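Encoded as C-alpha cells, the structure appears first; notes follow it.
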Amino acid sequence: MSPTPVPNSTTPFWRTELHELDSHRTTPDLPSDCDIVIIGAGFAGAALAYYLYDDNPSPPSVVILEAREACSGATGRNGGHMKPDVYYQVPKYIKKYGVKAAVDVARFEASQVQAFKALVEKEKIDCDFVLTRACDATLDPDLARDTHHAFTELQKSGVANLKDVFYAYGKDAEQLSGVKGALSCFTFTAGHVWPYKMVLHLLRTAVNKGANLQTHTPVTRISDTELPDGRWLVETERGSIKAKKILLATNGYTAHLAPQFRDKIVPVRGICSRITVPKDRPVPFLPYTYSIRHGVGMYDYLIPRPDGSIIVGGAKPKFWHDRSQWYNVTDDSKLIEPAVPHFDGLMQRTFKGWETSGAKTDRVWTGIMGWTSDFMPYVGDIPGKPNQMILAGFSGHGMPLILLSAKAIVQMIRKGSKFEETGIPEIFRATEERLKSTENEILGSNSQPKL
C-alpha cells in the first residue's frame, strides 16, 4: 500500500473539464517559510484557504500543498451529493453520545445545505449547484421494519427536528419514490454540485488574494517537534517550508503525516460511475437525489445532473465481503473490478419508467475516502501538537460537514475562539481520548457511514 496519493489515478467525470489551476504553482520554487501551511487541496483545504482570506484586510501568508493535481482526491471523485443526515443515524447517536450530542450533529449537518447555497450565490460560483430533496428508499424488508420502528420512536421522543422530513411506509413508498420495490422512503432537503468546479473556484479566490498554491508537491514528513523558534518544518519532495501553523486537510492520507491517526482515519476505496441516456432518447424524470438501501450498510447513491446524466456510486453488495478491495487501500489508479458490472442496467432495474431508456454506463472511477474508527470527523487542534490543526476523516460524508467546519477552524485561528464557541459538534473534536480508543466500528460491526 502506498501511503500517499498514487500517480495515474482513474479519471472521474468531474475532472473532464480542467481548470487553469489544476496543476498550478504560484511560484516556481517553494517559499522557505510562511504563516500557515495547508496540506491538501480538496474541499477541506480550499474552504480553509477561502475563509482565511475572506473579509480579511491583513491575511496571513498561506501555502497550500497538494500531492497531485488540485481537487484530485476524494472531493473530485465523490457523487457531488450534499445530503445531511437528519434522521437515520440519530437514534444510534442518542444511544452512544446522548440526546444533545446527537441532535447537535443532525442540526449541524442540516445547516450546511443553506450555508453552501449562500456561498455559491455570494461568490457566484459556477458549479451546477441544485437545491433539491433527497430520497432514501429501502428495499430490504428487515431494514425497512427496523428503520420504521426507530423513526417512529424518534418522532415520539420529540428530541429531533424532523419538520423537513417526509416519511412514507408501505404501499405508497414505491409510487412516491419511483423506486421499484421500495418498502419505505424518506425525503428531506439536500443539494448537489459539480465538486471540482466548486473547489477550484474557492482556490482561485484564495490565490487571487495571495495564497500560494503548489500542486504536485507531496509532503513527505512533518517534524516530530517544533523548531527552536516555535515553527514546524514541513518536508516535501521539492524542499522544505517552515510554518507557524499547519492545517491537515489530508483525509484518507492523514496517518502518513500524523501517525497518531493510524487506525483512526483509515483510507477506504470506493467506486462511482456516470450513467447516460442516448442522445436520441428522452431522459426519464428523476425528482430527487437518492440513496437506495439494499440492506444494513449496503446502498447505492444516485444524483441526477442538469445535463441528464446520473452519477451513481456504492455497489457494495458486489465487493464489500472482500476487505482487500477497500479497507486500508490508497490505490485509486485501479477499479474495483467486481463492482464495475453493477452499474450496467442499474437505472432500468431500479426505477419505474426507465425500462426502455437505453441508459448505459459512461465511465467508472475509484476514490479514496478517509473513514474514522468511530465515524466522526476529526476537527480542531491536534492533541500534543501545538499550532497543528486537522479537518479530516469524513467517512464518505464530507459534503455536508466540511464547509462550516472549515469556517469554524478559521474562526479559532483568526479570532482566538474556543472550540465550544464555534458551533462544531463536541463529538467532532480531536481528543486524546479518541486517539487512544481501541474501537473500530468500520470492522467491528455492520455500522456504516451516512449516505
_If I ask for residues that are of a type outside the set (A, V, I, L, M), farther than 18 Å from CYS71 by Cβ and either modelled with pLDDT under 95 or not in a loop (DSSP other than H, G, I, E, B) (or both), which ones from segment 389-413 would you list?_
LYS407, GLN411
*Hey, can you tell me all the residues within segment 277-306 that are surrounded by fewer than 20 Cβ atoms within 10 Å (Cβ to Cβ) and in a strand (DSSP E or B)?*
HIS294, GLY295, MET298
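When you look at LYS407, is it among the basic types (Lys, Arg) and either in the same structural domain as VAL312 (by TED's automatic domain parsing) or touching a residue at least 24 places away in the same chain (Cβ under 8 Å) (or both), yes or no? Full working, then the answer.
On the way: among the basic types (Lys, Arg): yes; either in the same structural domain as VAL312 (by TED's automatic domain parsing) or touching a residue at least 24 places away in the same chain (Cβ under 8 Å) (or both): yes.
Judged against the criteria, LYS407 is a match.
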*Select from segment 344-363 the residues that are crowded, with 19+ Cβ neighbours inside 10 Å and touching a Lys or Arg at 6+ places or on another chain (Cβ under 8 Å) and write down the one among them that is farthest from ASN251 (Cα to Cα).*
PHE351
*Please name all residue pairs, on different chains or six or more residues apart, with Cβ atoms under 8 Å, provided the first residue is in segment 134-149 and is within 19 Å of PHE188 (Cα to Cα) and the second residue is assigned to a helix (DSSP H, G or I) and not aliphatic (A, V, I, L, M).*
CYS135/SER177; ALA137/SER177; THR138/THR147
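Please verify whether ASP85 is surrounded by fewer than 22 Cβ atoms within 10 Å (Cβ to Cβ) and not assigned by TED's automatic domain parsing to the domain that holds SER405, treating the condition exactly as stated. Even if it seems obvious, please write down each step before you answer.
Working: surrounded by fewer than 22 Cβ atoms within 10 Å (Cβ to Cβ): yes; not assigned by TED's automatic domain parsing to the domain that holds SER405: yes.
Considered against the rule, which asks whether it is surrounded by fewer than 22 Cβ atoms within 10 Å (Cβ to Cβ) and not assigned by TED's automatic domain parsing to the domain that holds SER405, ASP85 comes out as yes.
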*What are the residues in segment 21-79 that are more than 19 Å from ILE222 (Cα to Cα), out of contact with any Ser or Thr (no Cβ under 9 Å at 6 or more places or on another chain) and either at pLDDT below 95 or assigned to a strand (DSSP E or B) (or both), if any?*
none
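Report whether or not ASP374 is over 30 Å from ASN56 (Cα atoms), assigned to a loop (DSSP other than H, G, I, E, B), at pLDDT 95 or above and not aliphatic (A, V, I, L, M). Spell out how you get there, then give the answer.
Details: over 30 Å from ASN56 (Cα atoms): yes; assigned to a loop (DSSP other than H, G, I, E, B): yes; at pLDDT 95 or above: yes; not aliphatic (A, V, I, L, M): yes.
Judged against the criteria, ASP374 is a match.
Do we have any residue at all in segment 439-449 that's of a type outside the set (A, V, I, L, M, F, W, C), out of contact with any Leu (no Cβ under 9 Å at 6 or more places or on another chain) and under 22 Å from ALA49 (Cα atoms)?
Restricting attention to segment 439-449, the residues satisfying the condition of being of a type outside the set (A, V, I, L, M, F, W, C) are 439-441, 444-449.
Filter once more, so that each one left must be out of contact with any Leu (no Cβ under 9 Å at 6 or more places or on another chain): 439-441, 444-449.
From what's left, under 22 Å from ALA49 (Cα atoms): none.
No, segment 439-449 has no match at all.
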*asked:* If I filter segment 325-334 for residues that are in a helix (DSSP H, G or I), closer than 19 Å to PRO5 by Cα and touching a residue at least 60 places away in the same chain (Cβ under 8 Å), do I get at least one hit?
replied: no
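Would you confirm whether or not segment 112-128 contains a residue that is in contact with a Pro (Cβ under 9 Å, 6 or more places away or on another chain), part of a helix (DSSP H, G or I) and closer than 22 Å to GLU420 by Cβ?
Here is the first cut: in segment 112-128, the residues in contact with a Pro (Cβ under 9 Å, 6 or more places away or on another chain) are 112-113, 116, 127-128.
Those left that are additionally part of a helix (DSSP H, G or I): 112-113, 116.
With closer than 22 Å to GLU420 by Cβ added as a condition, the list becomes 112.
Scanning segment 112-128 turns up at least one residue that is in contact with a Pro (Cβ under 9 Å, 6 or more places away or on another chain), part of a helix (DSSP H, G or I) and closer than 22 Å to GLU420 by Cβ.
Considering only residues that are assigned to a loop (DSSP other than H, G, I, E, B) and closer than 30 Å to ASP332 by Cα, which ones fall in segment 80-94? Spell out how you get there, then give the answer.
From segment 80-94, those assigned to a loop (DSSP other than H, G, I, E, B) are 80, 83-89; that's our starting set.
Hits for segment 80-94 are GLY80, LYS83, PRO84, ASP85, TYR88, GLN89.
Of all residues being of a type outside the set (Phe, Trp, Tyr) and closer than 29 Å to GLN325 by Cα in segment 23-53, which is surrounded by the fewest Cβ atoms within 10 Å (Cβ to Cβ)? Just the residue, please. Don't jump to the end; show me each part of the working.
Of segment 23-53, the ones of a type outside the set (Phe, Trp, Tyr) are 23-42, 44-49, 52.
Those left that are additionally closer than 29 Å to GLN325 by Cα: 39-42, 44-45.
Numbers: ILE39: 29, GLY40: 29, ALA41: 34, GLY42: 27, ALA44: 34, GLY45: 33.
Residue satisfying both the conditions and the ranking: GLY42.
For the structure I just gave you, tell me whether ILE303 is touching a strand residue (DSSP E or B) at 6+ places or on another chain (Cβ under 7 Å), in the same structural domain as ALA44 (by TED's automatic domain parsing) and closer than 25 Å to ALA70 by Cα. Spell out the reasoning first.
Details: touching a strand residue (DSSP E or B) at 6+ places or on another chain (Cβ under 7 Å): yes; in the same structural domain as ALA44 (by TED's automatic domain parsing): no; closer than 25 Å to ALA70 by Cα: yes.
So ILE303 does not fit the description; no.
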*Residue identified as among the acidic types (Asp, Glu), crowded, with 21+ Cβ neighbours inside 10 Å and either assigned by TED's automatic domain parsing to the domain that holds TYR167 or more than 18 Å from the chain's Cα centre (by Cα) (or both) among ASP140, ASP126, ASP104, ASP136*: ASP136
*Restricting attention to segment 143-176, which residues are surrounded by 16 or more Cβ atoms within 10 Å (Cβ to Cβ) and under 23 Å from the mean Cα position of the chain (by Cα)?*
VAL165
*Collect the residues in segment 351-390 that are within 25 Å of the chain's Cα centre (by Cα) and either of a type in the set (Val, Ile, Thr) or under 30 Å from LEU176 (Cβ atoms) (or both), keeping them in residue-number order.*
THR361, ASP362, VAL364, THR366, ILE368, THR372, PHE375, VAL379, ILE382, ILE390
_Testing LYS418 on (1) farther than 26 Å from ILE222 by Cβ; (2) free of Cβ contacts under 8 Å to residues at least 60 places away in the same chain; (3) not small (Gly, Ala, Ser), one condition comes back false. Which one is that?_
(1)
*Quick check, is THR11 polar (S, T, N, Q), within 27 Å of GLN411 (Cα to Cα) and in contact (Cβ under 8 Å) with a residue 60 or more places away in the chain?*
no
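Would you pick out the residues in segment 377-388 that are part of a loop (DSSP other than H, G, I, E, B) and surrounded by fewer than 23 Cβ atoms within 10 Å (Cβ to Cβ)? Please lay out each step first, then the result.
If we filter segment 377-388 for residues that are part of a loop (DSSP other than H, G, I, E, B), which is where we start, we get 377, 382-387.
Those that are part of a loop (DSSP other than H, G, I, E, B) and surrounded by fewer than 23 Cβ atoms within 10 Å (Cβ to Cβ): ILE382, PRO383, GLY384, LYS385, PRO386, ASN387.
Could we say that SER2 is part of a loop (DSSP other than H, G, I, E, B), at pLDDT below 95 and either of a type in the set (S, T, N, Q) or surrounded by 19 or more Cβ atoms within 10 Å (Cβ to Cβ) (or both) here? Before you say what the answer is, go through the steps one by one.
Values: part of a loop (DSSP other than H, G, I, E, B): yes; at pLDDT below 95: yes; either of a type in the set (S, T, N, Q) or surrounded by 19 or more Cβ atoms within 10 Å (Cβ to Cβ) (or both): yes.
It is true that SER2 is part of a loop (DSSP other than H, G, I, E, B), at pLDDT below 95 and either of a type in the set (S, T, N, Q) or surrounded by 19 or more Cβ atoms within 10 Å (Cβ to Cβ) (or both).
The values are calculated or read from the model by the stated rules, or taken from the named source; none is laboratory data. Note that this is a predicted model, so its numbers are computed, not measured. Virtual Cβ from ideal backbone geometry, glycine too; neighbours counted across all protein chains shown.
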